[in-house]
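Notes follow once the structure below has been shown.
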Amino acid sequence: VQLQASGGGLVQAGGSLRLSCVASVTASSIYIMGWYRQAPGNQRELVATITSSSNTNYADSVKGRFTISRDNAKKTVYLQMNSLKPEDAAVYYCNARLFSASTVNYWGQGTLVTVSS
């Protein structure tokens, strides 16, 4: 499984970005997709996930500001990030787990989000 993430960049505090992640497998084989982030010196942390039935889960720090969605036809998961804060700056990683191997995590290459104050 390959995951191709894109959409990172530099934005001012209060601005918005949309991240995209395209999977190399059919959407029907994917149980859950999500976004994680890792800032320098910190551990990787969950940002948001979405299941095959579109159930979503968010970190408390992003609730009300970020929205995760998926387009099964395009095999793509999105992360719309609004009202960005400097503390949102990190490398964002796309993640997927399959129905056939739900304990195996697949990761994309990461996309850098920088938020200037």
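The values are calculated or read from the model by the stated rules, or taken from the named source; none is laboratory data. Predicted model, so just to flag it, every value in this text is computed and none were measured. No Cβ is skipped: glycine too gets one built from the backbone with ideal geometry, and neighbour counts run over all protein chains shown. These area figures cover heavy atoms from the full protein model, side chains too; ligands, DNA and RNA do not enter into them. Shrake-Rupley method; radii C 1.70, N 1.55, O 1.52, S 1.80 Å.
Name every residue in region 49-104 that is open to solvent by less than 20 Å² (accessible area, probe 1.4 Å), among the polar types (S, T, N, Q) and under 18 Å from residue 8 (Cβ atoms), in order of residue number.
Residues satisfying the conditions are 76, 95.
Within the set of pairs 6+ apart or on separate chains, which have a first residue in region 96-117 that is free of Cβ contacts under 8 Å to residues at least 60 places away in the same chain, a second that is part of a strand (DSSP E or B) and among the small types (Gly, Ala, Ser), and C-beta atoms under 9 Å apart?
105/96
Go through (1) out of contact with any strand residue (DSSP E or B) (no Cβ under 7 Å at 6 or more places or on another chain); (2) in contact (Cβ under 8 Å) with a residue 40 or more places away in the chain for residue 23 and report which single condition fails.
Checking residue 23 against (1) out of contact with any strand residue (DSSP E or B) (no Cβ under 7 Å at 6 or more places or on another chain); (2) in contact (Cβ under 8 Å) with a residue 40 or more places away in the chain, the one that fails is (1).
If you go through region 22-48, how many residues are outside any strand (DSSP E or B) and either among the β-branched types (Val, Ile, Thr) or surrounded by 14 or more Cβ atoms within 10 Å (Cβ to Cβ) (or both)?
Within region 22-48, residues that are outside any strand (DSSP E or B) and either among the β-branched types (Val, Ile, Thr) or surrounded by 14 or more Cβ atoms within 10 Å (Cβ to Cβ) (or both) number 6.
Are there any pairs, at least 6 apart or on different chains, whose C-beta atoms fall under 7 Å, with the first in region 40-56 and of a type outside the set (D, E, K, R) and the second at pLDDT below 95 and open to solvent by 50 Å² or more (accessible area, probe 1.4 Å), and if so, which?
Final answer for the pair search is 51/31; 52/31.
Tally up the residues in region 98-117 that are in a strand (DSSP E or B) and farther than 17 Å from residue 4 by Cβ, please.
7
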